[in-house]
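The numbers here are math on the coordinates, done by the rules we state, and not lab data. All figures in this text were calculated on a predicted structure; none of them were measured in a lab. Cβ sites come from the backbone with ideal geometry, for glycine too, and all protein chains shown count toward neighbours.
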Amino acid sequence: MEKAFNRLAEIVAHAAGHAWAFALCLISVLLWAIAGPIFKYSQTWQLVINTGTTIVTFLMVFLIQNTQNRDGAAIQAKLDELIRSGRAKNAFIGIEHLTDGEVQEFRDKCAKAKAASEGTTARA
């Protein structure tokens, strides 16, 4: 089931990012607006757009979040592999699992190291 959901999420997220998806939504809203006078701007007329947009938004949140989670995990794995195979410090592998304070300590160390290296290259 997980593979099927991942595939569905990928297809929907990809489709939702196209111009035609926006055009389809815009046309739907325009048709709904044009139908307003026909239905005398009734509560049912309003309920149609409210219900439709709520359902679409609710489902899209989960589908797009799933895609974002997988993309983020894949990028993190690639970065970890680059760190392992390169000259970077292996201590940076997995820092996405640390607390905000611990990550800030790493950022501070990086800033100090950058400032120190800029200072030595400026003197040379």
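In nm, what is the difference between 0.36 nm times the number of residues separating C110 and N90 and their Cα-Cα distance?
Numbers: separation 20, 0.36 × 20 = 7.20 nm, distance 1.37 nm.
Gain on extension, C110 to N90, equals 5.8 nm.
Quick one: angle between helix 2-16 and the longest Cα principal axis of the chain, in degrees between 0 and 90, rounded to 10, please.
70 degrees
As an exercise, use a Förster radius of 35 Å and the Cβ-Cβ distance of S117 and E2 to find the FRET efficiency, rounded to the nearest 0.05.
About 0.20, to the nearest 0.05.
Cα to Cα, under 19 Å, and not fewer than 8 places away if on the same chain: which aspartates and glutamates meet these conditions relative to K3?
Qualifying aspartates and glutamates at Cα under 19 Å: D71.
Based only on Cα atoms, what Rg/Rh ratio does the chain have, Rh being taken as Kirkwood's radius?
For the chain, the value is 1.26.
Straight-line reach from K109: which lysines have Cα under 29 Å away, leaving out those fewer than 8 places along the same chain?
K78, K89
Taking the Cα atoms only, what angle lies between the long axis of helix 43-85 and the longest principal axis of the chain, rounded to 10 degrees?
That works out to roughly 20 degrees.
Angle between the Cα long axis of helix 100-123 and the longest principal axis of the chain, 0 to 90 degrees, nearest 10?
50 degrees
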